[in-house]
Each structure stands twice: as C-alpha cells, then as structure tokens.
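Here's the structure we're looking at; comments come further down.
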Amino acid sequence: MTSQQQSIRLTVNGEAVECQVPVRLSLVDFLRTDLGLTGSHIGCEHGVCGACTLFVDGAPVRGCLMLAVQADGTEVVTIEGLADSGRGEALRQAFHKRNALQCGFCTPGMLASALDYVEQGGTADRQAIREHLSGNYCRCTGYQAIVDAVCDVIEGRS
Amino acid sequence: MKAPDFAYERPATLADAIALLSRDDRDAAPLAGGQSLMPMMNFRMARPDLLVDLGSLGELKGIAASGSHLEIGAMTTYAELAGSSLIAEQAPLMALALPHIAHSAIRNRGTLGGSVALADPAAEMPAVLLALGAEIVLTGPAGSRTVPADAFFKGLFETDRRPDELVTLIRVPASDQHQRHGFYELARRHGDYAMAGVATVSSPDSLRIVFFAVSDRPVRAQAVEALLTSEDLGDPAAIDKALAGLDAIAFAEDLNASARTKRHLAGVVLKRALGQLA
C-alpha cells in the first residue's frame, strides 16, 4: 500500500520550505530525514522524554507528537535555528560553563524548554525551573547543573 | 515506534468534518491536539485508517462569557485556557488544575475537547468539569445535543459520544463569589499522570467532590459530600470521619498502586485540597 502524500509549505529556521511528505511522517522525522536537521533528537516517540522539543509558531511543542502535514503554514524553529540566530547563545554558554550535559542527547530539547522558561520571564527559583523542565529527561546530569545554568542566565551571570 | 499508515484529511468546516467521521467505509478518528492519540498510534494501540484533523476549524476555538456560563470551544488548548483572564476569574478551579497537566510543550497542543472526548481516568479536566457541573455539547449529522458531565463519562476511555459526533463546546457555569475551589493531585513527578487526585467546589450550601485516577472514570464522591457540612471543611477530624463515605467508590488499581492504596491516597488528596481552598 502506498502512503498518502501531501505537499506542505512552511518556514523552517527562517527559510521557506516546500515538500511532498507521507501524511504519517512526524514533524521531527521530516526535519531530520528530509531536511537533514538532526539537532532535534528522537527518544521515546510518545511525548515523554522531551528530546524532540522544538518551536512551532513561537511555542515549544513535541516534534514527535505532531505530523509534518500539521506543520503546513507554520513557522518552525529548531536548535539549529536557535544557534544561527544567537537566540539561545547565553543558555548554550551557561550549559557549557556549568557542565550541564554529558552525553548531550537531551540537550537540544532541554535548551528549547529552558529558553521558553527564560523568555517567559521565569525567575531563578530552582523548584520552578525543575517543574518547567520536568518534561525533559536527562539521564546523565541529575539536573543539578542544568538548573545551575538556567539560574546563571536569569541572574545575568552569563 | 512510528504510527501505522493512515489517510489524512483536514476539513475546513465542521459539517465536512462530521461527514468524514460518518463514512461507513472508514474507521475514522478525530485528531484534536494529538497529545494522546499520537502516542497511542505510535504504540499501535490505536489504528484508525482515517485521521480527521480538526486543526482548521476556527469555530471550535475560543472562550466566551455567556451570562451565567463560560463557553469554551473544544479545540481551545490548555495554554490558551491558562492564559485567559476569563478562565482565571470565572473558572478558577480550571486555573488551579491547568499547571498540573503534563508540560508546557504538551499544553501548547493539547485541547480541552480532546481530553474530554478521550476520557482518560487519570486526566484532570474531566474531573474538573464534573466538579463544576459543566455541560458537553456534541455535534453530529443530526445536529447538536447537550450532555451534562455527570452523564458523559461512562467508563475507561468511554463516553456518551457516538463515533460520528464531535465534542464541539464545553459549557462551564461561571463561578460565583460564594464558591471556593480545591484541587490536589499526587504524581511521581510534576506533569506525570496523577496517582490520585481530587477537585472540589464548595459553597455555604453545597459541596461537590470528584476524584480522578482512582477508578475507571472520574468519580463524584456523593457519600463523602453527604457527611460534610461547610463548617467541616477546615476540620481535619471531621474530614477523617467523612472518609467512611469512600466505601461507595469502586477503587481500581493501575500501574501506580493497588485499589487499597488508591483509597488511602484519595483521603490524603482530599484533606490536602480542603486544607488549601482557593
């Protein structure tokens, strides 16, 4: 059986993209395999681990729980886009300085969720930061260093 | 895993959506925010062969005050509810519950109507709607009908919705100044599904207590309500006595805990919710 295909037009990291995609393709699979943007990681594929977190129309979403066809007409920003625009630079540096990653698998999603917290005016309240990041799993750091990094950025130390 | 193959339609009108759901030759499923349906499809627990994406139906979005009620479009997301001053002022119980629903990235896509139609027994919104005495509006080929939340949730992922109907509107009574609201849930980590939770609405002459994540559906604890007066709500000893009313609830075990533990946790969450009424 041939999968139903549909053409989509969207903006990815500021660039207009037009593609023909199978309707069952998830947004994160589309970004990784069709566009080669492998910064968004695929962990659990059921919305629990947060490794695929990216921005659609300015809001963080799970890239594994959205179909590529649902992204038709939207503006998508991935970790590559955050790096290019410098929008996540302070957080990236703080993660580096604080050793807030080890294997790095969770980092793109973690940065996206942390950026959402910082940009929404979140305070350097460790409990609130942990709650906001509770949808992003990290199996290396124990989160302590990640919370340190987010606090650094909010307190202007980075 | 990836979802099994399916066909996909994104109708522009409600009538088109219902026509697609009514097709006899297809096992069609409505796609709202997809935050539960997509995982279920990825696990291959759900295998619809036609997804009807409701994402273009602007008429199902938005929150409006209509006299004594709030009318909430089914496709309104949790994030939109959380950002709404109407919800904060007129449905404070909903505002109390929203931060407990999953995580920011899920709340940006997940919808009130999707949660209602799915009827996960551990979900917050069905219990909140039951506690508030809300009404669910369903629209199908023959028109619309209104079902009280009390009659809508029928069992494990089972509701009064027929396969060719859509949840289109949720009608919530606006809070009055005499009402106080309680919400508490226990979860292994913030944003996880609850191990046990409760939503309460109290006024000087009435009390509604609804538990979730303790049975196959959100359950109203009328036997507990009957043992409490408005003066008792700040009295832990009186609440302890009223917990005898939990006998009337069919507690059910899940992956988190046995039925016996669920019963114990129901008492814990009720005392905590009543101890911090808003």
*asked:* Of the conditions (1) modelled with pLDDT under 95; (2) crowded, with 21+ Cβ neighbours inside 10 Å; (3) of a type in the set (K, R), A:R157 satisfies every one except a single condition; which number is it?
replied: (2)
*asked:* It is to be established whether one or more residues within segment A:88-105 are within 13 Å of chain B (Cβ to nearest Cβ), surrounded by 21 or more Cβ atoms within 10 Å (Cβ to Cβ) and in a loop (DSSP other than H, G, I, E, B).
replied: no
*For B:L96, are the conditions met, namely being closer than 30 Å to B:L186 by Cβ and either touching a strand residue (DSSP E or B) at 6+ places or on another chain (Cβ under 6 Å) or at pLDDT 95 or above (or both)?*
yes
_Checking A:G156 against (1) closer than 30 Å to B:F6 by Cα; (2) over 15 Å from the mean Cα position of the chain (by Cα), the condition it does not meet_ = (1)
*Given the conditions (1) within 14 Å of another protein chain (Cβ to nearest Cβ); (2) outside any loop (DSSP other than H, G, I, E, B); (3) free of Cβ contacts under 8 Å to residues at least 60 places away in the same chain, report the number of the one that A:S113 does not fulfil.*
(3)
_Every residue in segment A:119-143 that is more than 10 Å from chain B (Cβ to nearest Cβ), crowded, with 19+ Cβ neighbours inside 10 Å and either under 16 Å from the mean Cα position of the chain (by Cα) or farther than 23 Å from A:C44 by Cα (or both), please._
A:C138
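Go through segment B:237-278 and give me each residue that's among the small types (G, A, S) and touching a residue at least 12 places away in the same chain (Cβ under 8 Å).
Scanning segment B:237-278 gives B:A242, B:A244, B:G245, B:A248, B:A250, B:A252, B:A257, B:A266, B:G267, B:A273, B:G275, B:A278.
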*Of B:E231, B:E225, which residue is over 30 Å from A:G50 (Cβ atoms) and either modelled with pLDDT under 95 or aromatic (F, W, Y) (or both)?*
B:E231
_Filtered residue count, segment B:102-122, keeping only those that are closer than 21 Å to A:L133 by Cβ and surrounded by fewer than 21 Cβ atoms within 10 Å (Cβ to Cβ)_ = 0
*asked:* Looking at the structure I just gave you, is A:I146 more than 11 Å from chain B (Cβ to nearest Cβ) and out of contact with any Phe, Trp or Tyr (no Cβ under 8 Å at 6 or more places or on another chain)?
replied: no
*If you check B:E225, B:E185, which single one turns out to be more than 23 Å from B:A88 (Cα to Cα) and either surrounded by 22 or more Cβ atoms within 10 Å (Cβ to Cβ) or not hydrophobic (A, V, I, L, M, F, W, C) (or both)?*
B:E225
*asked:* Suppose we keep only residues that are at pLDDT 95 or above and touching a Lys or Arg at 6+ places or on another chain (Cβ under 9 Å) within segment B:203-215. Which one would you say is farthest from B:F183 (Cα to Cα)?
replied: B:S215
*Spot the failing condition for B:A82; the list is (1) surrounded by 20 or more Cβ atoms within 10 Å (Cβ to Cβ); (2) within 16 Å of B:G114 (Cβ to Cβ), and only one is missed.*
(1)
_Per-region count, segment B:121-158, residues under 19 Å from B:L51 (Cβ atoms) and not aromatic (F, W, Y)_ = 2
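I'm trying to understand the selection: among the residues of segment A:6-31, which are under 25 Å from B:S36 (Cα atoms), more than 10 Å from chain B (Cβ to nearest Cβ) and part of a strand (DSSP E or B)?
Once the filter is applied, which keeps residues that are under 25 Å from B:S36 (Cα atoms), more than 10 Å from chain B (Cβ to nearest Cβ) and part of a strand (DSSP E or B), segment A:6-31 yields A:I8, A:L10, A:V21.
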*Condition met for A:V23 (surrounded by fewer than 17 Cβ atoms within 10 Å (Cβ to Cβ) and modelled with pLDDT of 95 or more)*: no
_Selection count, segment A:112-155, where residues are more than 18 Å from B:I106 (Cβ to Cβ) and touching a strand residue (DSSP E or B) at 6+ places or on another chain (Cβ under 9 Å)_ = 0
_Please determine whether any residue of segment B:12-22 is within 11 Å of chain A (Cβ to nearest Cβ) and out of contact with any Leu (no Cβ under 8 Å at 6 or more places or on another chain)._
no
*Mind checking which helices (runs of 4 or more DSSP H) fall wholly inside segment B:39-134 and carry at least 1 residues that are among the small types (G, A, S) and away from chain A (no Cβ under 14 Å)?*
B:85-90, B:92-97, B:112-118, B:124-132
_Under 7 Å between Cβ atoms, which residue pairs at least 6 apart in sequence (or on different chains) link something in segment B:137-160 that is under 14 Å from B:G113 (Cα atoms) with a partner that is loosely packed, with under 14 Cβ neighbours inside 10 Å?_
B:V137/B:S144; B:V137/B:T146; B:L138/B:S144; B:L138/B:R145; B:D160/B:A151; B:D160/B:K154
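The values are calculated or read from the model by the stated rules, or taken from the named source; none is laboratory data. Predicted model, so just to flag it, every value in this text is computed and none were measured. Cβ coordinates were reconstructed from backbone atoms using ideal geometry, including for glycine residues, and neighbour counts include every protein chain displayed.
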